[in-house]
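The values are calculated or read from the model by the stated rules, or taken from the named source; none is laboratory data. Computed from a predicted structure; not experimentally measured. Ideal geometry is used to build each Cβ from the backbone, glycine not excepted, and the neighbour counts take in all protein chains shown.
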Amino acid sequence: MSGEAKQARSFVKRKIARMIESKTQSGVKAELAMLRRGIGKAPGSMPELWNVTLSGLPEILLSKNEEPTKGEWAVHTALTLYALHQQGKDPGRQCMQKEGENLGIAARRLVDREKSNEEAVVRRFQSVALSDNFERLSWHLRGLVQLLKSKDIQLDYPALTEDLYWFHFNDRRDGIRLRWGQDFYRSIESISEDDQTETKEDAIDEKQ
């Protein structure tokens, strides 16, 4: 099953990378708009989304019994939430996907920018973590993503896809919650240090 989670993660990473690198932004804009209409819908229920959510999906993730698999749910949910997060922004210039910005870290950044509304943000994040089923998780994530969008805070969607996959399993949820909590309560100083290190490394790469 770990292979399925990794395959789902890689699939979403490829799909988002294709949107970022596309030379036809009008097409990408239309694609994102269609994906947003798929929020809260079942995978495969909207034929207009098949080219994005099902085309190229690894065989191991495909349903065999006419019921969406855990991988299909994870992929569909992550891509539709990404489309919501990306609304009004050009993926090639201001992409809301960023590797390493896991859910807990993104929520922490949101709290840092919403000091006057910190308790409400923390409650929203806790509601996500306390979800007792996938449907409720998706609902609460939608609200959190809207807040991240309002503050231009990025999120690692391939990593979220893997979390969404494992959240289907009751015995894995506490482990996911633990990791989200650890990332959330990392000191902002250490997160900033990581950003500075990445910036320095990028600058070095550009000079080479």
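Within 21 Å of D156 (Cβ to Cβ) and either modelled with pLDDT under 95 or in contact with a Phe, Trp or Tyr (Cβ under 7 Å, 6 or more places away or on another chain) (or both): does that describe K98?
no
Conditions tested, residue by residue: (1) closer than 30 Å to Y185 by Cβ; (2) out of contact with any Cys (no Cβ under 9 Å at 6 or more places or on another chain); (3) β-branched (V, I, T).
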site: R9; (1), (2), (3): yes, yes, no
site: A17; (1), (2), (3): no, yes, no
site: K29; (1), (2), (3): no, yes, no
site: G38; (1), (2), (3): no, yes, no
site: P43; (1), (2), (3): no, yes, no
site: A74; (1), (2), (3): yes, yes, no
site: K89; (1), (2), (3): yes, no, no
site: C95; (1), (2), (3): yes, yes, no
site: E99; (1), (2), (3): yes, yes, no
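Quick check on region 50-89: of everything there that is within 17 Å of D163 (Cβ to Cβ) and of a type in the set (S, T, N, Q), which residue is farthest from the chain's Cα centre (by Cα)?
Taking the candidates together, the pick is T69.
Scan region 48-73 and report the pairs whose first residue is in a loop (DSSP other than H, G, I, E, B) and whose second residue is among the charged types (D, E, K, R) and surrounded by 12 or more Cβ atoms within 10 Å (Cβ to Cβ), with Cβ atoms within less than 7 Å and a gap of 6+ or a chain change.
From residues that are in a loop (DSSP other than H, G, I, E, B), the pairs are S63/E72.
A quick yes/no check of all residues on (1) crowded, with 22+ Cβ neighbours inside 10 Å; (2) modelled with pLDDT under 95; (3) not charged (D, E, K, R):
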site: V75; (1), (2), (3): yes, no, yes
site: T80; (1), (2), (3): yes, no, yes
site: Q87; (1), (2), (3): no, no, yes
site: Q94; (1), (2), (3): no, yes, yes
site: A106; (1), (2), (3): yes, no, yes
site: E114; (1), (2), (3): no, yes, no
site: R123; (1), (2), (3): no, yes, no
site: W139; (1), (2), (3): no, no, yes
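In region 133-166, which residues are of a type in the set (F, W, Y) and either out of contact with any Phe, Trp or Tyr (no Cβ under 9 Å at 6 or more places or on another chain) or more than 15 Å from A107 (Cα to Cα) (or both)?
F134, W139, Y165, W166
Can you report the number of residues in region 74-96 which are of a type in the set (A, V, I, L, M) and assigned to a loop (DSSP other than H, G, I, E, B)?
Qualifying residue count, region 74-96: 1.
Can you pull out every residue in region 43-67 that is in contact with a Phe, Trp or Tyr (Cβ under 8 Å, 6 or more places away or on another chain) and surrounded by 12 or more Cβ atoms within 10 Å (Cβ to Cβ)?
P43, G44, L57, P58, L61
Out of region 1-17, which residues are of a type in the set (A, V, I, L, M) and either under 9 Å from E162 (Cα atoms) or part of a helix (DSSP H, G or I) (or both)?
Across region 1-17, the qualifying residues are A5, A8, V12, I16, A17.
When region 97-113 is examined, which residues are found to be outside any helix (DSSP H, G or I) and without any contact (Cβ under 8 Å) to a residue 60 or more places away in the chain?
Within region 97-113, K98, E101 meet the criteria.
Go through the residues of region 31-42 one by one and say whether even a single one is over 18 Å from the mean Cα position of the chain (by Cα), surrounded by fewer than 18 Cβ atoms within 10 Å (Cβ to Cβ) and over 24 Å from G175 (Cβ atoms).
For region 31-42, residues over 18 Å from the mean Cα position of the chain (by Cα), surrounded by fewer than 18 Cβ atoms within 10 Å (Cβ to Cβ) and over 24 Å from G175 (Cβ atoms): absent.
Of the numbered conditions (1) more than 15 Å from A159 (Cβ to Cβ); (2) out of contact with any strand residue (DSSP E or B) (no Cβ under 9 Å at 6 or more places or on another chain), Q7 fails exactly one; give the number of that condition.
(1)
Residue check: is V12 closer than 21 Å to V145 by Cα, touching a Ser or Thr at 6+ places or on another chain (Cβ under 8 Å) and either surrounded by fewer than 16 Cβ atoms within 10 Å (Cβ to Cβ) or in contact (Cβ under 8 Å) with a residue 24 or more places away in the chain (or both)?
Yes; evaluated as a whole, the condition is true for this residue.
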